[in-house]
Structure formats: C-alpha cells, structure tokens
Amino acid sequence: MANTTRQLRFVLEMTKICNNPVENVYISPSLDNVLIWNGVIFPASGYYKGGIFRFDLIFTEQYPTDAFPKIYFRTDIYHPLVDSVSKELNLKAEFDRNQQNDPKSIHIIDFIKYVKSVLIDDVKYWHNSLFIFDRECFRLYLDYLSTKQSEKHLFILNIKQCVQSSIHSKHKHANPNTNALILADADDDDDDDDDDDDDDQVMDNGYAQIIRENLKSFKSFKDING
C-alpha cells in the first residue's frame, strides 16, 4: 500500500511540474527507477549564467512520509552549498526538519525551485556558514565580496571554469537508456528519421502515459495522502 501511495504521489508531482514549469529547469523520473529523478538546469542569470548543470533527486522508500530527498549534482560544480567530493547540495538552507517542515507538505517542484535559487541568489542562501559544504569556495567568495570584486579574482575564475566545463560535459552522466533529458547538439540533423524513431522510443518509455491514465481518478495530493 505504501508503495502504491508513493507511486501515485509521484504521478501528481510530475503533473504539477508539467502544469507549472520552472523556467530553465527540466526534470523527469528515471526510466528504470521512480525513486531517482534526473534534472538539468540552464541558469539565465547570476554567477553560473550560461552553464548546463545536471542533477539528481534521490528518494528513499520512506518518502514522503518521513524523509526529504537528497540532491546530487552530476555535473562538477563549484558552489559553497555543494560538497566538493560527493556533489551533494545542502537542503537545510531551505528545508530543515528542525524547523517543523513536514515532508508531505513539500513538493518536488519546491526542491526544483530551490536548486534554481541557490545558483542565482547568493545573498539569500550563501551567507550562513552553517549551511556551507565547500569551505574553501565560501572563503574565496567572502574574500571576493570584501575586495574590488575583480573579474580576475580566483573565485570568479573558478566559477567561469566551472561554467565552461559544464557546457563541454553536458552529456556526461546522462544514460539515454534511463535518462529522458538527453540534449541535442546544435548541429544535429532534425530530419534524420533514425533520430526521430529514437526520440519516439524515449518518449514511450517516459511517464506521460501513466500521468494521463491516473489523472481521471486522482485529482489532488489530498486524494492519496488522506
């Protein structure tokens, strides 16, 4: 029963995202494991403008009753709130069980918005040392703010290198057999019939059909949470 409830919850979560898309952020359940959601973000402003960053939401069997997901960047990223080794994003800057946040009341779209915000809004999320995962990055960030904020500062140079690297590695860690978010290259031939067939196969492997079939019976999260 718990597994069925979670599956239906995921259906409604994906529907909510499709109906209220977060600009420049895309996410889809893995094609072989509904507990893993693959995402990609294209920051349009801030330090990471122009980058292409892949990330995963990893859910546990306890979600959404008693656990938040974990978010891991799959693209290398230089960021104060991201562990430099595991690439885990610290969620506590926005979601903290100690602040009485109920996992059932927080939706996947909220986590997506958070991923977008931490790449853009440094004032809101980067200034609390309690949430910092990369201390060296944070130290250089503070040093950058306290100086003339030169474009040649090591913090900015590291960010630029990170952005450039993200573009060159946009396909890395994206298995087309499990990840629906495969990016086309600018020089791809749109008229290639074989490519169209492959695209159709990926679409058929997704969750769009599941969502359509279940929407008639389950109108809201209240229907499955009780």
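The values are calculated or read from the model by the stated rules, or taken from the named source; none is laboratory data. Keep in mind the model is a prediction, meaning the values are calculated, not measured. Glycine also receives a Cβ, built like all others from the backbone with ideal geometry; neighbour counts cover every protein chain displayed. Side chains included, ligands, DNA and RNA excluded: accessible areas come from the protein's heavy atoms. Shrake-Rupley method; radii C 1.70, N 1.55, O 1.52, S 1.80 Å.
The table that follows gives values for the structure above.
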quantity	calculated
Computed accessible area, residue 79, all protein chains, 1.4 angstrom probe, square angstrom	0 Å²
Percent of C-alpha pairs per 10 Å bin, the range 127-180, short to long	21, 34, 27, 16, 3
Rg over Rh, two decimals, the range 10-150 (C-alpha only, Kirkwood Rh)	0.97
FRET efficiency for residue 117 and residue 146, using Cβ-Cβ distance with R0 set to 22 Å, rounded to 0.05	0.40
Lys/Arg +1, Asp/Glu -1 at C-beta; the range 36-90 dipole; positive extreme among 48, 73, 84	48
Cα-Cα over 19 Å, subset of 49/160; 113/152; 124/170; 49/70; 87/124; 70/170	113/152; 124/170; 49/70; 87/124; 70/170
Residue 161-residue 95 FRET efficiency (beta carbon distance; Förster radius 30 Å; 0.05 resolution)	0.50
Inter-label distance for residue 76 and residue 58, nm, one decimal - labels placed 7 Å from Cα along Cα-to-Cβ	2.0 nm
Residue 31 accessible area, assembled protein chains, probe 1.4 Å, Å²	30 Å²
Distance (nanometres) between label positions extended 7 Å along Cα→Cβ at residue 168 and residue 45	3.0 nm
Area accessible to solvent at residue 6, 1.4 Å probe radius, in Å²	10 Å²
Inter-site label distance for residue 139 and residue 65 at 7 Å from Cα along Cβ, in nm	4.5 nm
Sequence of 116, 124 when ordered by accessible area, the most exposed leading, probe 1.4 angstrom	124, 116
Zone residues, the range 56-100, relative to residue 129, backbone N less than 11 Å from point 7 Å out along Cα-to-Cβ	none
